[in-house]
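Asks: Input: one structure, supplied below.
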Amino acid sequence: MNKVKELFTGKAKTIYSTDDQDKLIMLFRNDTSAFDGEKIEQFDRKGMINNHFTAFIMDKLAAAGVPTHHEKIINDQESLVKCLDMLPIECVVRNIATGSLVKRLGVEDGLELNPATFEFFLKNDELHDPMINDYHIISFNWATQDEIEKMKALTFEVNTILKQLFLDAGMLLVDYKLEFGRFKGELYLGDEFTPDGCRLWDIDTRKKLDKDRFRQGLGGVVEAYEEVAHRLGVELG
Ligand code: 5GP
């Protein structure tokens, strides 16, 4: 499969078209950004780790029946994926209160949420990804009612699968963000699942093993990602 044209450069990934119109190549770069691109740094090996990490998670989800865009790893930093028509929506599930939820609602940091809570955000850096609800999505035609229900159901299904996967490896899946897109009339999980877009805490020490290490200047960013991959048994390049 050959790259034809660069279609999109995001903060940590670049997307290329291929000679198959149904497939894209996703390149995981070493760039790490936070605060809507205000803070950017490069970390050796990070693109490789995130590429292998996403492939591992997407394979687990697919095996459990979740439709995902992932096709195969091409090399250490690139994967072949289905060409989805992405919805401009982020789906966030939280098992433990932290991050923007704590700032917004003034609730206790670290509070366990039972049941887990769900939020939609609009994917828009200029507006700092504002929180939206089902009615906004319908009124502005960002997705259909059926797609809203599917996004919620799939995002919670992912929670059931991944909470246990991380728990078995000694980690708490605190929260995470998923993005979905359309392909031939069906909804698929797209984008990535890496420590860039989820929060993972060590179950005993509550040490942060995710992008909060970068956001909060805690250091050891790549080391933490590597530790998570190692604990899960992800094979790295
Ligand atoms: P919060 O709303 O607390 O900032 O984020 C909730 C969860 O979603 C965290 O795991 C965070 O990493 C993820 N998340 C939310 N928005 C984004 C985003 O724009 N990019 C990335 N990489 N992750 C996000």
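Asks: About its Cα centre, what dipole magnitude does the range 80-237 give when the only charges are +1 on Lys and Arg Cβ and -1 on Asp and Glu Cβ, stated in debye to the nearest 20?
Replies: So the dipole magnitude of the range 80-237 works out to roughly 140 debye.
Asks: Where does the chain land at 222 nm, in deg cm²/dmol rounded to the nearest 500, when only DSSP H runs of n ≥ 4 count, each adding -39500 (n - 2.57), divided by all residues?
Replies: Estimated from H runs of four or more residues: -9500 deg cm²/dmol.
Asks: Still on this structure, I have one more. Please report, in Å, the Rg and the Dmax of the range 3-82, where both are computed over Cα atoms only.
Replies: Computed over the Cα atoms of the range 3-82, radius of gyration and Dmax are 13.2, 37 Å.
Asks: Direction-averaged shadow area of the convex hull around the Cα atoms of the chain, nm²?
Replies: About 12.7 nm², averaged over all directions.
Asks: Right, another one. Between GLU108 and LYS72, what FRET efficiency follows from the Cβ-Cβ distance if R0 is 35 Å, with the result rounded to 0.05?
Replies: 0.20
Asks: From the phi angles alone, apply the Karplus equation (6.51, -1.76, 1.60; θ = phi - 60°) to the range 110-125 and give each ³J(HN,Hα) in whole Hz, x where the residue is Gly or Pro.
Replies: Values per residue, Gly and Pro as x: x, 5, 6, 9, 9, x, 4, 10, 10, 9, 9, 10, 7, 7, 7, 4 Hz.
Asks: Per-residue HN-Hα couplings for the range 2-16, Karplus 6.51 cos²θ - 1.76 cosθ + 1.60 at θ = phi - 60°, whole Hz, x for Gly and Pro?
Replies: These are the phi-based 3J(HN,Hα) values: 9, 6, 9, 8, 6, 9, 7, 10, x, 6, 9, 9, 10, 10, 10 Hz.
Asks: Using all C-alpha to C-alpha distances in the range 85-220, build P(r) with 10 Å bins and read off the rounded percent in each one.
Replies: Going from the shortest bin to the longest, the percentages are 11, 41, 35, 12, 1.
Asks: Can you tell me which of THR18, THR32, THR160 moves the most in a GNM of the chain? Springs connect C-alpha atoms under 10 Å apart.
Replies: Maximum fluctuation in the GNM of the chain, among the listed residues, is at THR160.
Asks: Continuing with the same structure: What spacing in nm lies between the two simple spin-label points modelled at LYS39 and GLN21, each 7 Å away from Cα in the Cβ direction?
Replies: Going from the LYS39 label point to the GLN21 one covers 4.4 nm.
Asks: Between HIS230 and ASP59, take the C-beta separation as r, use R0 = 22 Å, and let me know the FRET efficiency to the nearest 0.05.
Replies: Computed FRET efficiency for HIS230 and ASP59: 0.80.
Asks: Let me ask another. Pop a pseudo-label 7 angstrom from the Cα along the beta-carbon direction at both ASP202 and SER100 and give the gap in nm to one decimal.
Replies: Distance between the two pseudo-spin positions: 2.9 nm.
Here, each number is a calculation from the coordinates, and none is a lab measurement. Note that the coordinates shown come from a computational prediction; the quantities given were computed from them, not determined experimentally. Positions of Cβ are generated from backbone atoms using ideal geometry, with glycine treated the same way; all protein chains shown enter the neighbour counts.
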